[in-house]
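Each value in this text was obtained by applying a stated rule to the coordinates, not by laboratory testing. These figures come from a predicted structure and were not determined experimentally. Neighbour counts are summed over all protein chains in view; Cβ atoms, including those assigned to glycine, are modelled from backbone coordinates with ideal geometry.
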Amino acid sequence: MIRNLNIIQRGDSLKLINFVDDNSIDLIICDGPYGVTNNGWDSVEAGIQRYNLNLIKLFSSKLKNGGSLYLFGKSDCIDFIDYRPYLTLKRKIVWYQPSRLAQGKTNYTNNYDFICFFVKGSKANVFNLDDIRIPQLVDLTHRKRCENVPSVTNGTWGKTKFNDRGKNPGDVWGDIKQLTYKSKELVSRDALNTIQKPEILIKRLVLASSNEGDLVLDPFAGTGTCPAVCIRHGRNFIAFEKDGDYVDEGNRRVAKEIMLKRKNRLEQDSYLFASNA
Ligand SMILES: C[S@@+](CC[C@H](N)C(=O)[O-])C[C@H]1O[C@@H](n2cnc3c(N)ncnc32)[C@H](O)[C@@H]1O
């Protein structure tokens, strides 16, 4: 069984997954092949739907009951496959890129990815809405008007409530931009080809669907975004990646986060010591 927590392991996740205990994982962030480019890492022989169904079968057995799995892909990533014996689909989140360049002349440009939110069983053990609220962005007059408009929750009418801490981010996320060549967190130009994800995107998923001390599985770690976010927010992780260069890069990011945490803890301890002296 896997004992190497908090380090990205090099290898094929479809094999390494067999060394993970069943029913042991709180959250899975599954950002694997999309099956849309000619890049070696992205090609799937049997088609993306069949590939994803296999992932769902394999990974769902590792989730605890009530654990969550987020699957990244294009709009057709789970079309025509029956995932229902394994997981419950709670929401298809649209990760919308309004500024994506228009490509092609015979069809509408695709400017979103799907992040399919699944749960094992009917209800998620964890959904920390307060940790992922986003600004309301409504002005005061509009807000007052809205407060007089009734809203329906679970079939009953109630008053529309505004929460000063912000609102539920909903299922169309246009507030998080994909990384570009200019992004500070981009580990290398090459990483744009493997779609290195923004830390704030992964942070939203990790904070919403896990608690501190929980165990997160990232079977396609790429440049280590999810592992780095896990360390920063006090989660443990198991992660796999088959590209050796990305494994090294990802583990460097993880080591940096661990060092930063230690430094902050030392500074805090010395502050407490000084103020108690
Ligand atoms: C979309 S990228 C992940 C990007 C990552 N979330 C990040 O922010 O850097 C998918 C990654 O999966 C890796 N990969 C593809 N098939 C794999 C497999 N069978 N086992 C392990 N890694 C795999 C690729 O090398 C690639 O780095």
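Based on the Cβ-Cβ distance from Leu129 to Ile258, what FRET efficiency comes out when R0 is 30 Å, to the nearest 0.05?
0.55
Which of the pairs Lys177/Lys261; Lys62/Lys123; Lys57/Lys203 have their Cα atoms more than 19 Å apart in this structure?
Lys177/Lys261; Lys57/Lys203
When a footprinting reagent is the concern and you count Cβ atoms within 10 Å, what order do Thr37, Thr225, Thr156 take, fewest first?
Working: Thr37 13, Thr225 25, Thr156 8.
In increasing order of surrounding Cβ atoms, one gets Thr156, Thr37, Thr225.
Which residue, Asn38, Asn52, Asn110, has the most motion in a Gaussian network model of the chain that connects Cα atoms within less than 10 Å?
Maximum among the listed residues: Asn38.
Quick one: which residues, 5 or more positions from Ile93 or on another chain, have an amide H under 5 Å from its amide H? H modelled 1.01 Å from N in the peptide plane, none for Pro or chain starts.
Those qualifying (amide H under 5 Å, at least 5 residues apart or on another chain) are Ile115, Cys116, Phe117.
Charges at C-beta only: +1 for Lys and Arg, -1 for Asp and Glu. How large is the resulting dipole of the chain about its Cα centre, in Debye rounded to 20?
Using Cβ point charges on Lys, Arg, Asp and Glu, the chain gives about 720 debye.
Given a 10 angstrom Cα cut-off, can you work out which residue in Lys62, Lys15, Lys256 is the most mobile in a GNM of the chain?
Result for the chain, Cα springs under 10 Å: Lys15 fluctuates most.
With point charges of +1 on the Cβ of Lys and Arg and -1 on the Cβ of Asp and Glu, referenced to the Cα centre of the chain, which listed residue (Gly155, Val172, Gln9) lies farthest in the positive direction of the dipole?
Of the options given, the answer is Gly155.
Which ³J(HN,Hα) values, rounded to whole Hz and listed in residue order, are derived for the stretch 200-217 from phi using the Karplus coefficients 6.51, -1.76 and 1.60 in 6.51 cos²θ - 1.76 cosθ + 1.60 with θ = phi - 60°, glycine and proline given as x?
Each residue's phi maps through the Karplus curve to give 5, 5, 5, 4, 4, 5, 5, 5, 5, 10, 8, 10, 4, x, 6, 10, 10, 10 Hz.
Between Arg100, Arg253, Arg50, where does the largest GNM mean-square fluctuation fall for the chain, given springs only between Cα atoms within less than 10 Å?
Result: Arg100 has the largest fluctuation of those listed.
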